[in-house]
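The values are calculated or read from the model by the stated rules, or taken from the named source; none is laboratory data. Note that the structure is a prediction, hence the values are computed from the model and not measured. Cβ sites come from the backbone with ideal geometry, for glycine too, and all protein chains shown count toward neighbours. The accessibility values were calculated without ligands, DNA or RNA, using every heavy atom of the protein model including side chains. Shrake-Rupley method; radii C 1.70, N 1.55, O 1.52, S 1.80 Å.
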Amino acid sequence: MTIRSLAKKIIAYTIEDEYKVYRLRKTKLQIRIRFTGKYHKKFDHEPVCPNKVVFDNYMGNGYGCNPKYVLKSLLEMPRERTEGLDLVWITKTPELLRPILPERVRIVMYDSEQAFYEYATAKLWVKNFQMVHLLNQGLLKKPEQIYIQMWHGSFGIKKIEGDCGYLNADKAWLALAKKNAAYTDFWISNSRFETDVYKRAFWGAGKILEYGHPRNDLFFEPDQLRYKRKVQETYGIAPEKKLFFYMPTFRDQDHGVLQPLPYGRIADALGRRFGGEWVCLVRLHPRRVSPKQIEALKEQSVIDATMYPDVQELLAAADAMVTDYSSAIFDFMLTKRPGFILAEDYDAYEQIRGFYYPLTDTPFPLAKSDEKLLEQIGAFDEESYRQKIDAFLKEKGSVEDGNAAKRVAELILTQTGKSK
């Protein structure tokens with residue numbers, strides 16, 4: 001038994017408002033620590049800057065997802081519309097982003113004292129993940145600040161946040177997650193289905209705007225091939241090769257090495273069904289990345305695309321995709337290219353995580369073994385698949401149309417007093 005697990009047996013830990021409370025089990029003894037004290041002392045007196053907008057992608061991880069495409073939309077607007085905006089990007093890798101972002105975007109190190117100052121003084125927070133980590137360090141939202149939440153899922157089947165039983169077992173996490181939800185002023189949804197999920201999973205989420213997901217706008221661009229060319233050039237793949245993208249999600253209970261697929265046989269099956277020669281790219285979930293896992297990929301006949309900076313570009317480049325439970329395949333669906341689900345641990349995963357609807361209700365062929373996946377590739381019916389996608393999007397009430405980033409950008413301008 002570890003010291004940590006032993007401590008949990010002896011001490012009960014909860015969060016109550018601005019206090020961390022430690023109670024000795026079966027006694028009345030407790031210690032209350034006001035964990036927001038440092039924030040109050042340093043930042044209560046700092047005024048909110050009406051033109052400052054802080055962006056954060058998935059807790060400082062790179063330049064991507066919905067925040068990236070909203071920032072791009074702002075930067076593409078006529079300069080007179082965005083003049084005076086103080087645009088701040090929070091990241092764990094400033095050295096990688098500086099060559100990418102224009103000088104007018106200030107780049108600040110995630111979790112730094114400067115980052116907390118930016119949050120404390122920004123008019124708007126623009127994010128795609130909850131702020132539990134920062135709230136746990138004492139971050140508070142001032143009444144005049146605006147928090148825009150653009151979740152990173154999309155028609156996802158996996159239950160999230162308040163709907164996910166095992167997450168709610170951690171009472172300290174639950175208290176901060178509820179605070180995050182209460183802080184949120186605008187939730188950006190891509191469908192009637194997602195709106196309903198927000199209302200349940202985020203404890204009665206407030207104002208929900210069905211704008212679409214900004215990261216999905218690129219699937220509506222007329223020149224999709226430019227993303228394929230970009231990926232091929234990045235990895236030295238011949239232009240005539242077709243791209244098969246495998247993107248598995250993580251398991252909270254699994255910290256081992258990802259079990260490889262029969263990549264060579266899959267490439268052959270795709271070639272027989274769709275023609276051409278196929279190359280397999282694998283992208284690990286951030287929570288599965290480890291030196292051991294990266295080394296394992298090197299020994300397989302695949303290209304490791306884990307560090308490619310923007311997963312949406314990989315989706316736009318792919319000619320076919322396989323996942324287990326990643327919501328990324330529901331973004332990929334918008335391309336209407338072949339997508340497959342391989343869910344070998346379907347029953348166990350459903351019991352632990354839970355689904356909003358059965359995998360059989362998606363447009364994607366469902367396999368529970370490698371052999372079944374190969375069969376489904378060979379029998380793939382493109383016309384039926386496209387019809388299922390159209391019916392699925394209609395049934396979920398999708399509003400995706402390629403203009404989501406512009407809508408959110410206009411919302412930001414309105415909140416900073418720069419509306420038309």
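Considering only residues that are of a type outside the set (A, V, I, L, M, F, W, C) and out of contact with any Pro (no Cβ under 9 Å at 6 or more places or on another chain), which ones fall in the range 346-360?
Hits for the range 346-360 are Y346, D347, Y349, Q351, R353, G354, Y356, Y357, P358, T360.
Just checking: which of the strands (runs of 3 or more DSSP E) contained wholly in the range 147-247 hold 2 or more residues that are more than 21 Å from S326 (Cβ to Cβ) and open to solvent by less than 30 Å² (accessible area, probe 1.4 Å)?
Qualifying strands (runs of 3 or more DSSP E): 186-189.
Scan the range 109-136 for residues that are of a type outside the set (D, E) and open to solvent by 10 Å² or more (accessible area, probe 1.4 Å) and jot them down.
Selection gives M109, Y110, S112, Q114, F116, Y117, K123, F129, Q130, V132, H133, N136.
Taking the residues in the range 354-376 that are surrounded by 15 or more Cβ atoms within 10 Å (Cβ to Cβ) and over 26 Å from A391 (Cβ atoms) as candidates, determine which candidate is farthest from the chain's Cα centre (by Cα).
Selected residue: L374.
Got a sec? Which of A7, A12 is over 23 Å from N216 (Cβ atoms), assigned to a strand (DSSP E or B) and free of Cβ contacts under 8 Å to residues at least 24 places away in the same chain?
A12
For residues in the range 315-346 being part of a helix (DSSP H, G or I) and not aliphatic (A, V, I, L, M), which is surrounded by the most Cβ atoms within 10 Å (Cβ to Cβ)?
Selected residue: F332.
Could you list, in sequence order, the residues of the range 193-207 that are among the charged types (D, E, K, R) and out of contact with any Ser or Thr (no Cβ under 8 Å at 6 or more places or on another chain)?
D196, K199, R200, K207
Can you tell me which residue is farthest from V322 (Cα to Cα) among those in the range 345-360 that are in contact (Cβ under 8 Å) with a residue 24 or more places away in the chain and in contact with a helix residue (DSSP H, G or I) (Cβ under 8 Å, 6 or more places away or on another chain)?
Here the residue is I352.
Go through the range 104-145 and report how many residues are among the charged types (D, E, K, R) and closer than 20 Å to A182 by Cβ.
Qualifying residue count for the region: 5.
When you go through (1) charged (D, E, K, R); (2) loosely packed, with under 15 Cβ neighbours inside 10 Å; (3) modelled with pLDDT of 95 or more; (4) within 24 Å of L134 (Cβ to Cβ) one by one for R4, which number turns out not to apply?
Evaluating R4 over (1) charged (D, E, K, R); (2) loosely packed, with under 15 Cβ neighbours inside 10 Å; (3) modelled with pLDDT of 95 or more; (4) within 24 Å of L134 (Cβ to Cβ) leaves (3) as the failure.
Please determine whether any residue of the range 390-398 is among the aliphatic types (A, V, I, L, M) and exposed (fewer than 12 other Cβ atoms within 10 Å of the Cβ).
yes
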